[in-house]
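The values are calculated or read from the model by the stated rules, or taken from the named source; none is laboratory data. None of the values given here were measured: they were computed from a predicted structure. Note: ideal-geometry Cβ built from the backbone for every residue, glycine included; neighbour counts use all protein chains shown. Note: accessible area is taken over every heavy atom of the protein model, side chains too, but ligands, DNA and RNA are not part of it. Shrake-Rupley method; radii C 1.70, N 1.55, O 1.52, S 1.80 Å.
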Amino acid sequence: MLGGGVNLGRRRSLRGLSLFIGRGPPSLPACRRHHPAGGRRSSKYRAAPEVHGEHMSAPDINNILKANEYSQVLPRSPASHGALSFHSNTLASNQPGEDCRSSATCLWEGGGVLFGVFDGHGGPACARAVSRRLFYYIAVATLPLATLAELERAVDEGRAVPPLLEWLKHPRDHRGPNGGRVAFQSLRNYWQERLDGNGDDGDDDQQDDSRLRCALENAFRRLDYDLSVEAQVHASACSQRGRSPAEESNGPSPLRVALSGCTACVAHVQDGILHVANLGDSRAVLGVQEADGRWTAVGLTNDHTADNPDELQRVLGAHPPSERRTAVRHHRLLGLLLPFRAFGDVRFKWRPETLARLYETRPDLREGARALPPPPHYLTPPYLSAEPEVTRRRILPSDKFVVLASDGLWELMHRHTAIQRLAEHLKDLREQKPIITSAGMTLADLRRLLLERKGRVRSDPEDQNSATHLLRHALGDDGYGGVATSRLSKMLSLPPEVARRYRDDITITVIHLNEPHL
């Protein structure tokens, strides 16, 4: 199921779990999202570096910008479901970076294609775990029950089963140790509950759209639930054995994963239908080319932050009036957390007595470099939700691409600007294509075409990858639609301890739907 031809039954099943979970380096300490801060997100970063970074050459700039870029052309067949290709890139500001990305083709008939960006906070552990596991939960939530039954029989009998997903990823993605046994058992419990009729699937006569919406919501909620349960089991076992925190040597423990957190923005394309499931403040924006050639930016997500009045009222309405001044302070949840929806962050979800027991057995969590202390005014949890907001759109011929990006991009670039820059990039790429001569073409005709092309092309595109193009413009914007090399050089050469004052981690995936240049 989870890796090509791997036997996942009983004891031998553990061999294939690295293919199921993927890999990710150990977690390191905390991030900006857990630090109290006044003011809104738009004023969080300085307008331009006040320090003087080293001047970088054009090859050095390109080496940094293109180090993590990745693109994939999907097959021109019903298997692409309307997604023709995708371009992706990521650039860290935190050390280590806390953003992750995932892309995969669902290998069962009619399964579709999945893309996701995951923005971690409080360390990278949660984002890495969710980026490896969420797509499998979506698979289990959407597979027919007959397929799940065959899957259970194969695993129970120790037979090899076909993979569910074909991962489309950069070689640097998903590296490091993992705790695959626990994660696999949690996933298996999920499909067993679906088979037993406890999977909250809705009525059998639901339309496909409603069923997929419910499946996405259930997959998000169930993974967050499993992260929480795994953390409690781990904490209890360590307490009983008297195990010290220093013994967590093989990567982040389930507790560390659940104490950190991440937002998620996932796009699912199937049979010409686009669903976007969003949790937090990453965004999905659709680029639409109107009949007159103009471009429109269509937002497919809402930010789950205090800047969204509906989201603010949802949070305040979930708690007594006496908490109206404490549930959200300084535009943050309990004065600490910027997104109002996220995976993990169990400090904002567990019962007070559960948290009290945790901090009694783990005093290291209250202070030190990796401290994640209990929030103030913690009275009526849960304060944080893992319920995604799901939107649906039938892909039209005018829908050209979707931009999924963590908030690091949107803090530097407006969505309309992003769509315009990509539209210009597509135009430049089209004009790069060779001129095709015909049998009746004369030298005069050819000369005219060459002159026309020379007049259209401003310069050769610096980037073939759309995500890299956006990244370059976000960091080096000169205010006039171009890139100021000096600014770009400074933004890329800032030392890690300074870089976070000017930008966040940035992860971008551009999904091309009906691009004319390919």
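Some points to look at:
- Kirkwood-Stokes translational diffusion coefficient of the range 85-185, alpha-carbon pairs, 20 °C, 1.002 mPa s, µm²/s: 141 µm²/s
- Mean separation of Cα contacts under 8 Å, 6 or more apart, over the residue count of the range 75-149: relative contact order %: 24 percent
- Working ranking of peptides 255-261, 132-138, 483-489 by packing, defined as the average number of other Cβ atoms within 10 Å per residue, highest first, is 255-261, 132-138, 483-489.
- Computed over the range 256-319, the P(r) tail beyond 16 angstrom holds 64 percent of alpha carbon pairs.
- Once both labels are positioned 7 Å from their Cα atoms along Cα-to-Cβ, the gap between Ala356 and Tyr480 label points is 6.5 nm.
- Beta bridge orientation in the range 237-383: antiparallel %, DSSP, nearest 5: 100 percent
- One way to sum up the overall shape of the range 93-135 is the equivalent ellipsoid from its Cα gyration tensor, whose semi-axes run 26, 9, 6 Å, largest first.
- Relative intensity of the range 300-388 on a log10 scale, I(q)/I(0) at q = 0.19 Å⁻¹, equals -0.87, per a Debye sum over C-alpha point scatterers of equal strength in the absence of solvent.
- When all protein chains stay in place and ligands, DNA and RNA are ignored, the 1.4 Å accessible-area order of Glu424, Glu360, largest first, is Glu360, Glu424.
- Heavy atoms of Ile273: accessible area, 1.4 Å probe, square angstrom to 10: 20 Å²
- Accessible area (Å², 1.4 Å probe, nearest 10) - Tyr225: 130 Å²
- For the range 368-410, Kirkwood radius (reciprocal of mean inverse C-alpha pair distance, Å): 15.8 Å
- Tail beyond 21 Å, pair distance distribution of the range 209-331 (Cα, percent): 62 percent
- Solvent-accessible area of Arg351 with every protein chain in place, 1.4 Å probe, in Å² to the nearest 10: 150 Å²
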